[in-house]
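Comments concern the structure below.
The values are calculated or read from the model by the stated rules, or taken from the named source; none is laboratory data. Please read these numbers as outputs of a predicted model, since none were measured by experiment. When we count neighbours, we look across all protein chains shown, and the Cβ atoms used for this are built from the backbone with ideal geometry, even at glycine.
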């Protein structure tokens, strides 16, 4: 119902009518319904601006602000895919910094020690998990039950999680070994008077060495006890064979596993995430769990399964899970990769490598224009997807925010140098005044 007609012999009047003079020299009017009228404005773009939330960035199509609250979606999870150096950790730290202002508790699993300065700047807690670390988490710890849970359910659930942990630690289990481990864990808890029929609230949990002792006395458990010995007596014994001394009762907590040996990183991340899950179930608060370099978790079926269970069940406990990875193909190759994406209401895609763009285009139904945008975008630029809406996003930080969250080595060295010069120039005066 739209007909375009050239302004024959009135080209000057037509031109002057279109320039911003507010002077209609053609004086030709037509009545239009709203549907045909909308076709006169073909250049449209989505807005992702809401009345509450944090600033994720600037809409590259219309320069509007992308303000969004992840806790207003049907689930609170997100995924970030980007090649190395594209700004994924920068974007995550910026979201963390802004989320902390809205009473959100944030917990980070940091494989590369990128969040230490941020934790120090906001007064958070930083735990370096390694074989020689003074921080320990006992995987046998049991959380207090919630109102809708029984003690027997808590114990049964933890036994199942521990069996999954030992599958990772021992390099897999046969069906017979799986059954032996299950029985040994139950008996180990019973040694501490922790059974489904008793009230074990407040009782000290057993240690890994207790399980080794039970296995060594069980028929068929001798070989399992020998394989477990390196975690209780050998060079790996300092990490998990001690009572928990980690307190995560802070608004911002970081667990760094950078100094953990590569073969033990999946084990460490599994134990840390299980400890975080127990805490999240214990106290209902608005929390965000950030799993950086999540491809470590996807290496093992048990760790990938546990990450998926967090993404699936976290909503019940007001927990959002932010999954970040640069190894897109390994993540999607896992049987839990796509389910994690499907259970994430927010997806952020930053600059991609040509090798990974095909899998991403298929997974996220990207158009060719969006594909080329991800191949050619700069640092901190990409596509922000929330539900059915998607916009081209540019991540922007203020000068002060950038000083806190930057990962650029040259900027970090400059900040450290300026800080050292300031301390040398003002240190004695500050001490005298204080």
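Quick one: which of 191, 162, 224 is modelled with pLDDT of 85 or more, farther than 27 Å from residue 266 by Cβ and touching a helix residue (DSSP H, G or I) at 6+ places or on another chain (Cβ under 7 Å)?
Result of the check over 191, 162, 224: 191.
Regarding the range 356-368, can at least one residue be identified that is over 15 Å from residue 86 (Cα atoms), outside any helix (DSSP H, G or I) and touching a helix residue (DSSP H, G or I) at 6+ places or on another chain (Cβ under 7 Å)?
Yes, the conditions are met somewhere in the range 356-368.
Identify, from the list 137, 194, 180, the residue that is assigned to a helix (DSSP H, G or I) and either buried (at least 20 other Cβ atoms within 10 Å of the Cβ) or over 25 Å from the mean Cα position of the chain (by Cα) (or both). Give the steps one after another, and end with the answer.
Details: 137 fails: assigned to a helix (DSSP H, G or I); 194 fails: assigned to a helix (DSSP H, G or I).
Just a single option satisfies the conditions, and that option is 180.
Scan the range 375-426 residue by residue and report those that are assigned to a helix (DSSP H, G or I) and under 21 Å from the mean Cα position of the chain (by Cα).
Let us first name the residues in the range 375-426 that are assigned to a helix (DSSP H, G or I), namely 375-376, 399-405, 409-426.
Scanning the range 375-426 gives 401, 402, 404, 405.
If you go through the range 327-337 one residue at a time, do you hit one that is crowded, with 20+ Cβ neighbours inside 10 Å and either modelled with pLDDT of 90 or more or over 21 Å from residue 266 (Cβ atoms) (or both)?
The answer is no, given that none of the residues of the range 327-337 is crowded, with 20+ Cβ neighbours inside 10 Å and either modelled with pLDDT of 90 or more or over 21 Å from residue 266 (Cβ atoms) (or both).
So how many residues does the range 246-276 have that are closer than 25 Å to residue 94 by Cβ, touching a helix residue (DSSP H, G or I) at 6+ places or on another chain (Cβ under 8 Å) and part of a helix (DSSP H, G or I)?
2
Looking at the range 33-72 only, could you name the residues that are at pLDDT below 80, in a loop (DSSP other than H, G, I, E, B) and loosely packed, with under 14 Cβ neighbours inside 10 Å?
Within the range 33-72, 39, 40, 41, 42, 43, 44, 45, 50, 51 qualify.
Taking residue 14, is it at pLDDT 80 or above, out of contact with any strand residue (DSSP E or B) (no Cβ under 9 Å at 6 or more places or on another chain) and either surrounded by 12 or more Cβ atoms within 10 Å (Cβ to Cβ) or not in a loop (DSSP other than H, G, I, E, B) (or both)? I'd like the intermediate steps shown before the answer.
Details: at pLDDT 80 or above: yes; out of contact with any strand residue (DSSP E or B) (no Cβ under 9 Å at 6 or more places or on another chain): yes; either surrounded by 12 or more Cβ atoms within 10 Å (Cβ to Cβ) or not in a loop (DSSP other than H, G, I, E, B) (or both): yes.
Yes; evaluated as a whole, the condition is true for this residue.
Here are some residues: 164, 217, 171, 238. Which one is surrounded by 13 or more Cβ atoms within 10 Å (Cβ to Cβ) and more than 30 Å from residue 124 (Cα to Cα)? Give the derivation first.
Details: 217 fails: surrounded by 13 or more Cβ atoms within 10 Å (Cβ to Cβ); 171 fails: surrounded by 13 or more Cβ atoms within 10 Å (Cβ to Cβ); 238 fails: more than 30 Å from residue 124 (Cα to Cα).
Checking each option against the conditions leaves just 164.
Which residue pairs have Cβ atoms under 7 Å apart, sit 6 or more places apart or on different chains, and have a first residue in the range 136-148 that is on the phi < 0 side of the Ramachandran plot and in contact (Cβ under 8 Å) with a residue 40 or more places away in the chain and a second that is surrounded by fewer than 16 Cβ atoms within 10 Å (Cβ to Cβ) and outside any loop (DSSP other than H, G, I, E, B)?
Here the result reads 143/282; 144/282, each pair linking the range 136-148 to a residue that is surrounded by fewer than 16 Cβ atoms within 10 Å (Cβ to Cβ) and outside any loop (DSSP other than H, G, I, E, B).
Anything in the range 144-161 that is surrounded by 18 or more Cβ atoms within 10 Å (Cβ to Cβ) and farther than 22 Å from residue 225 by Cβ? List them, or say none.
Once the filter is applied, which keeps residues that are surrounded by 18 or more Cβ atoms within 10 Å (Cβ to Cβ) and farther than 22 Å from residue 225 by Cβ, the range 144-161 yields 151, 154, 155.
For every residue, the table says whether it meets (1) over 23 Å from residue 300 (Cβ atoms); (2) part of a loop (DSSP other than H, G, I, E, B).
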{"position": "156", "(1), (2)": "no, no"}
{"position": "187", "(1), (2)": "yes, no"}
{"position": "201", "(1), (2)": "yes, yes"}
{"position": "205", "(1), (2)": "yes, yes"}
{"position": "227", "(1), (2)": "no, no"}
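May I ask you to list the residues in the range 95-129 that are part of a helix (DSSP H, G or I) and within 13 Å of the chain's Cα centre (by Cα)?
95, 96
Looking at this structure, is residue 97 buried (at least 17 other Cβ atoms within 10 Å of the Cβ), at pLDDT below 85 and under 30 Å from residue 348 (Cβ atoms)?
No, not satisfied.
Could you check the range 311-338 and list, in sequence order, the residues that are over 27 Å from residue 375 (Cβ atoms), in a helix (DSSP H, G or I) and over 11 Å from the mean Cα position of the chain (by Cα)?
Selection gives 312, 313, 314, 315, 316, 317.
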